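Undergrad: Please see the structure below; I have some questions.
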Amino acid sequence: MGWLWAIIVGFVLGLIAKAIIPGKQHSPLWLITIFGMLGAIAGNAIARAAGVDATSGIDWWRHVFQLVSALVIVAVGDAIYMAVRGNKRRERA
């Protein structure tokens with residue numbers, strides 16, 4: 001059940017990050033989901049380091065850290081994806 005929950009959270013975070021970032025992202029949906037999962041992991045680590053990983057009620061700060069991390073990872077990951085994908089297209093021509 002833990003993996004399923006991680007995939008769902010990663011999917012949602014990735015889609016939210018994709019919607020917030022200006023411009024078009026060219027990464028496929030499966031890669032956006034992985035980027036979202038990495039953002040959740042990074043956000044949890046940052047929240048833990050900041051001391052706000054476990055609060056009473058909803059962990060808003062942890063979710064903010066997760067979203068910001070997902071935004072960065074989706075933006076950087078999409079740029080890397082396009083650079084690699086663009087190089088492959090040039091090699092074929």
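The values are calculated or read from the model by the stated rules, or taken from the named source; none is laboratory data. As the structure is a prediction and not an experimental result, all values here were calculated from the model. Here the Cβ is made from the backbone with ideal geometry for all residues, glycine too, and neighbour counts use every protein chain on show. Surface areas here come from the heavy atoms of the whole protein model, side chains and all, with no ligands, DNA or RNA. Shrake-Rupley method; radii C 1.70, N 1.55, O 1.52, S 1.80 Å.
Undergrad: Sequence gap at least 6, Cα distance under 8 Å: using those rules, report the relative contact order of the chain to the nearest whole percent.
TA: 33 percent
Undergrad: Can you give me the accessible area per residue for the chain, using a 1.4 Å probe, in Å²?
TA: That works out to 67 Å² for each residue.
Undergrad: Report the one residue of Trp3, Asn44, Trp61 whose Cα lies farthest in the direction of the positive end of the charge dipole of the chain (charges on C-beta: Lys and Arg +1, Asp and Glu -1; origin at the Cα centre).
TA: Ranked along the dipole, the leading option is Trp3.
Undergrad: Let me ask another. When the accessible area of the chain is split by element with a 1.4 Å probe, what percent falls to carbon and sulfur?
TA: 72 percent
Undergrad: Can you give the charge dipole size of the stretch 3-88 about its Cα centre, rounded to the nearest 20 debye, using +1 on the beta carbon of Lys and Arg and -1 on the beta carbon of Asp and Glu?
TA: For this selection, approximately 280 debye.
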